[in-house]
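Report on one structure; see the data block that follows.
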Amino acid sequence: MRLADLGGASASSRRGRRALAPLRGTAMLAAALVGTAVIVAVAASIATAVTMARRVVTPVRERPEDIVVHGVERGAVTLSRTADTVLPGRYGLWFDGDRGHARLGRILREDEGSVTRVVESVQHGDLRRAGTARIGGAFYAGPLDVGAVERELSIRTPVGDAPAWFVPGANDGSGHGEDWIIHVHGRGATRAEGLRAVPLARELGWASLLMSYRNDGDAPPSADGRYALGAAEWRDLEAAVARAHEEGARRIVVMGWSMGGAITLQFLVRSPLASRVVGVVLESPVIDWVTVLRFHAGLAHVPRPVGEAALALLGAPAAAPLLGREDAIDLASLDLVARADELRVPALILHSDDDGYVPIDASLALAAARPDLVTLERFALAGHTRLWNLDPERWEGVISRWLRQLDEPTARTARPRRRSAAAAAPID
């Protein structure tokens with residue numbers, strides 16, 4: 001082979017390498033961009049998981065007024081048409097940054113854009129000047145609204161003195177009484193949530209204690225100012241039970257609404273004072289947080305891996321500072337379906353099939369696991385914690401009959417039993 005040939009081959013090779021260089025550069029750039037995209041996607045997923053987990057434990061301080069008040073006429077108000085404003089029943093209408101409150105009754109007329117409802121009364125504020133509002137299940141704003149004169153109590157909890165309303169039963173001259181119902185409100189709600197049950201309690205001769213608990217805006221906050229989903233709040237309920245006992249309560253029933261149900265159940269399986277409670281009423285309760293949180297992740301179209309990462313963050317001690325918490329939350333310990341064998345007192349659960357916040361699945365599972373103790377009353381179209389609002393006669397009738405059963409000698413008592421594997425299985 002001639003030297004010229006060698007030189008020619010070398011030049012051709014150099015030209016080939018020069019031609020391939022842009023392709024290699026493009027490939028390297030593409031690989032870098034893909035790597036960057038993957039890193040960005042992972043970072044975004046982690047950020048979403050952290051945000052979701054933080055939102056779960058962060059107390060609700062403000063609720064948006066998402067309803068437009070179009071006008072007020074004699075005894076009626078016209079509101080923008082929303083999923084809430086078209087619901088049948090009676091509801092509370094909050095306006096002016098929750099400084100104003102009115103009671104709404106039946107629907108008078110409606111069209112494609114608005115709904116006109118009866119205004120039964122206005123407790124606070126000037127509804128005529130309201131531009132926006134929100135609807136809530138809390139039909140009563142305070143004890144005076146149910147025709148009762150309350151006594152303010154202060155309950156000494158582990159985080160400080162927490163205010164409570166005490167309402168005696170009807171015809172209770174002592175002002176105390178021996179039968180008490182302690183009402184535990186839900187996440188983002190206040191003591192007013194439980195007022196819907198007070199008239200029935202008074203009629204049946206039961207006194208009512210409407211308590212507050214850490215981080216609800218009335219009671220002192222915890223050190224970190226975050227919810228523990230029942231894992232710490234049960235100690236405030238324990239303090240309320242102790243106070244009721246000191247005040248002379250002979251029989252105590254606890255009524256928990258939504259997250260108040262989770263708090264109630266944690267009290268039953270953790271507190272040495274649980275033996276002082278003869279039964280619990282659970283309204284739209286959280287019985288298993290994993291079921292609830294997965295449900296909300298699905299509603300928000302959060303990818304399953306991201307939702308599972310948020311659950312893992314809640315239970316990871318190293319992640320607690322990211323969530324603003326002092327410690328992790330053991331979600332498994334909050335699952336009362338898995339701990340159903342630890343239930344020792346009768347429980348009445350009221351839950352709606354269409355609950356859009358706390359699905360009924362765990363209530364069904366607990367009732368199936370403990371038919372000896374749990375009575376489940378299923379509603380079809382009542383939403384979340386609005387069962388009384390839709391059908392007060394049915395709601396009060398069920399609770400009244402259940403409370404009267406506690407007086408009967410044949411009332412059910414806890415019988416240890418083994419659950420089937422199907423009943424114990426986790427719910428996806």
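The values are calculated or read from the model by the stated rules, or taken from the named source; none is laboratory data. A quick note: this is a predicted structure, and the numbers were derived from the prediction, not measured. Here the Cβ positions follow ideal geometry from the backbone for every residue, glycine too, while neighbour counts run over all protein chains shown. Note: accessible area is taken over every heavy atom of the protein model, side chains too, but ligands, DNA and RNA are not part of it. Shrake-Rupley method; radii C 1.70, N 1.55, O 1.52, S 1.80 Å.
Can you pull out the residues in region 370-420 that are among the acidic types (Asp, Glu) and at pLDDT below 95? If the condition is that a residue be among the acidic types (Asp, Glu) and at pLDDT below 95, then Asp407, Glu408 are the ones that fit. Inspect all residues belonging to region 280-289 and state whether any of them is closer than 16 Å to Leu265 by Cα, in contact (Cβ under 8 Å) with a residue 40 or more places away in the chain and out of contact with any helix residue (DSSP H, G or I) (no Cβ under 8 Å at 6 or more places or on another chain). So far as region 280-289 goes, no, none of its residues is closer than 16 Å to Leu265 by Cα, in contact (Cβ under 8 Å) with a residue 40 or more places away in the chain and out of contact with any helix residue (DSSP H, G or I) (no Cβ under 8 Å at 6 or more places or on another chain).
Applying the selection to region 316-340, what residues are of a type outside the set (A, V, I, L, M, F, W, C), over 28 Å from Leu387 (Cβ atoms) and open to solvent by 40 Å² or more (accessible area, probe 1.4 Å)? Within region 316-340, Pro317, Pro321, Glu326, Asp327, Asp330 meet the criteria.
So Trp165 fits all but one of (1) of a type in the set (Phe, Trp, Tyr); (2) out of contact with any Asp or Glu (no Cβ under 7 Å at 6 or more places or on another chain); (3) assigned to a strand (DSSP E or B); (4) without any contact (Cβ under 8 Å) to a residue 60 or more places away in the chain; what number is the exception? It fails just one condition, (2).
For Val72, the requirement of being in a strand (DSSP E or B) and β-branched (Val, Ile, Thr) is met.
Per the listing Ala201, Ala219, Ala244, the residue uniquely assigned to a loop (DSSP other than H, G, I, E, B) and at pLDDT 95 or above is Ala219. For region 205-218, the condition of being open to solvent by 30 Å² or more (accessible area, probe 1.4 Å), out of contact with any Pro (no Cβ under 7 Å at 6 or more places or on another chain) and of a type in the set (Asp, Glu) holds for none of the residues. For Gly248, are the conditions met, namely being small (Gly, Ala, Ser) and either open to solvent by less than 10 Å² (accessible area, probe 1.4 Å) or more than 20 Å from Ala162 (Cα to Cα) (or both)? So Gly248 does not fit the description; no.
Sub-8 Å Cβ pairs linking a first residue in region 389-401 that is without any contact (Cβ under 8 Å) to a residue 60 or more places away in the chain and open to solvent by 50 Å² or more (accessible area, probe 1.4 Å) to a second residue that is among the aromatic types (Phe, Trp, Tyr) and not in a helix (DSSP H, G or I), at least 6 apart or interchain, are Arg394/Phe379, ordered by first then second residue. Test Ala309 against the stated conditions and say whether it is open to solvent by less than 30 Å² (accessible area, probe 1.4 Å) and in contact with a helix residue (DSSP H, G or I) (Cβ under 7 Å, 6 or more places away or on another chain). No, not satisfied.
Pull out all pairs, ordered by first then second residue, where Cβ-Cβ is under 7 Å, the residues are six or more apart or on different chains, the first lies in region 71-91 and is at negative phi, and the second is open to solvent by less than 50 Å² (accessible area, probe 1.4 Å) and of a type in the set (Phe, Trp, Tyr). Going by the 7 Å Cβ cut-off, the qualifying pairs are Arg90/Phe139; Tyr91/Phe139.
Here Val292 meets each of (1) open to solvent by 20 Å² or more (accessible area, probe 1.4 Å); (2) hydrophobic (A, V, I, L, M, F, W, C); (3) under 24 Å from Leu364 (Cβ atoms) with one exception, condition (1). Being surrounded by 22 or more Cβ atoms within 10 Å (Cβ to Cβ) and on the phi > 0 side of the Ramachandran plot is a property that does not hold for Leu237. Would you be able to say whether some residue in region 115-127 is part of a loop (DSSP other than H, G, I, E, B), touching a Lys or Arg at 6+ places or on another chain (Cβ under 8 Å) and of a type in the set (A, V, I, L, M, F, W, C)? Within region 115-127, none of the residues are part of a loop (DSSP other than H, G, I, E, B), touching a Lys or Arg at 6+ places or on another chain (Cβ under 8 Å) and of a type in the set (A, V, I, L, M, F, W, C). Condition check: closer than 27 Å to Asp98 by Cβ and touching a Phe, Trp or Tyr at 6+ places or on another chain (Cβ under 9 Å). Does Ala249 satisfy that? Here the answer is no, as Ala249 does not meet what is asked.
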